[in-house]
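The values are calculated or read from the model by the stated rules, or taken from the named source; none is laboratory data. Here the structure is a predicted model, which is why all the values come from computation and not from measurement. Here the Cβ positions follow ideal geometry from the backbone for every residue, glycine too, while neighbour counts run over all protein chains shown. Note: accessible area is taken over every heavy atom of the protein model, side chains too, but ligands, DNA and RNA are not part of it. Shrake-Rupley method; radii C 1.70, N 1.55, O 1.52, S 1.80 Å.
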Amino acid sequence: MLQRIISALTNALFEREPSTKVAAAGDSLCTNDRWFQPITRREAAWLVVGSLAFALVFSYPILGDLVYLGPGVFRWITAGPVFSHLARLPVNGDWDEETALRWVVYQTTTHFLQFPSWNPYKCGGMPMLGNPEAIVATPFLLVDMATGPIAGVYLQIVLHLALGFAGAYVLARVMGLGAIAGLVLGSVFLSCSWLYLQLAMGNLQISLPVAYWLWMLALFFVGIDRRKIAPLAVGGIMLALTATEGNYTFVYAGILLALLSLMIALTQRSIWPGIAAVVLVVFGAAIGAIKMLPVAEFIALYPRAAGLACRDATLSMIPTFLFSRNQDLYREIPNTGLFACYGAYVSPAFALLAVFGLPGRLKTLPWLVAAIVLLLLARGSSGPYSAFALLQRLPLCGNISFPTRFMYPFVFAVGAIAAFGADFVCRNAGRWGPHAVGALFVIGLVDAWFVGPPNLRYLFHSPTPNELYHYAQFRQFWSDDTQKMTEYNMANLGAINCYRTASIPPRVVGYNQADYSGEYYLVGPGQATQVEWTPNQLTYHVSATAPTELVVNQNYFPGWRVVRGVGDPASRGGLLAVRLPAGSQDIALRFRPKHFAVAVTVTLLGLIATIILWRKDW
């Protein structure tokens, strides 16, 4: 079924109108003069199998036994996979934040049967959909629903790797390159150590969504060549997923799209590539509005907190980051931060193919310019007129940080140039060309396999969290340790002292602190009893002899409203409160993001427009 979907996508949407030129035998290995190389059903089937095989091989420490001794492939193959890893939480770096968010989403949807709008378990209560780190609006949420949040996260890593590899192959074919070039592009990009360093740290929101870049750009190239809106609208879905599943990946995708569209417009002497890029971004912003609007509202009130310190890189350091085979997560380099900020290994075999791609056709020039600009951005703020400093002056770009993360988009551009280089050798070196490219491809792939994926062993580097007593009633809890949020949340405790997300002042009081007054209380005489507690909705029975105020031990945020009873939501010292008249009543509070209805409407309109355009073009 999956191979039929890929075949249908590439043949029905990607293929150009019928051409009078007949492809010669063997043109599937090397390019011909056509812009698009249609993918047969058999080729799509092999692509699915090959992509899954690549993903499994390059994520082997997730299922391998010898995860502390490097690859250890012999014993891994003979001893067999270790499926017990799928039942334990990864513990390293930022993984605690990632698993805590995933557990809350899973618990809210499966246990309470609610859409995860509010997260009472983090920082004393904060929006879930508006959290830039949260992964909610994604079809991959179904994987967690089917397998649970622990096994689901490992399966999503494998599936995103496979999706990205398949997308790279399709992108190369869309650009008119042959099968070998498609394999090269997928291997350079998806074998890069940067990806595995981020996964080892738990930065899923900036690593997994990169799989959509390939599909977005493939659809972009189709749109500019066919001058059709439908491919661009579908590409907008891919762009939207980089936002709904991540944060910075949306920015990187936008910059890639802007650079490529500008250069293609100049080389083709046409404004259509620029128009196509704008159309794709409009569809992407519309479809991604379900998360982007709540995130914008949240960041406006609580700017992002400073995260891990990543110092800017100098030009002299970049060769080390790109070509040193020591890409260990905890490698120490003087005057830098954690190595995950910098490492982006490219095998010398792949670099050699990129050299062959430099004197290629005009189609290589946009990727070359993009690589240069992205490398300059990766240097950081080296001066007031540096590329990164100028980028931060642009609208909506002032919040961009960690410039060294531009190393990965840079490697992507290098991978595209290497694909053109592989195609150049294949076409111009006679019958030995495909053999030479194949040898470099295998050498580069094996080399990269020994360098990047071993970092995944750090997912199981630390002991698993202890299983705490599960409290029947939710309570807020203070701990000096900010790296045990998942442990506390699974015990039905809110982690007040949270990690990294935003600068939210500590107003909520934990039940283990001296000035704790309960999870709810009245200001003044009267009685209050909790009738219902869910993440999104709270119900109380209140009896008061005079006007009073009900205070809930959670943060106040715009979006809380009274859905039953008479009262006015308000902030009392930053805590959620509701002003009540005298008398006896049931009062129900429900959270929904302030512009949630608008966001959902815009997203649905974008999806409906995409479906209509797709059906019309089909």
With the 1.4 Å probe rolled over protein heavy atoms, the chain has an accessible area per residue in Å² of 40 Å²
Give me the angle, in degrees from 0 to 90, between the Cα long axis of helix 248-268 and the longest principal axis of the Cα atoms of the chain, rounded to the nearest 10. 30 degrees
Counting only residues 5 or more places away or on other chains, whose amide H sits under 5 Å from the amide H of Asn119 once H atoms are built in the peptide plane? Met126, Met128
What per residue convex hull volume, in Å³, do the alpha-carbon atoms of region 317-473 yield? 198 Å³
Zone residues, region 219-239, relative to Arg269, backbone N less than 19 Å from point 7 Å out along Cα-to-Cβ: 225
Please give the contour-minus-distance gain from Ser324 to Ala546: 0.36 nm per residue of separation, less the Cα-Cα distance, rounded to one decimal in nm. 72.7 nm
Between exposed GluC sites (Glu not before Pro) in the chain, where DSSP calls loop and at most 13 other Cβ atoms lie within 10 Å, what's the longest gap? 1-331
Equivalent ellipsoid, the chain (semi-axes from 5 times Cα gyration tensor eigenvalues, Å): 46, 27, 22
Accessible carbon and sulfur surface of the chain relative to its total accessible area, %, 1.4 Å: 64 percent
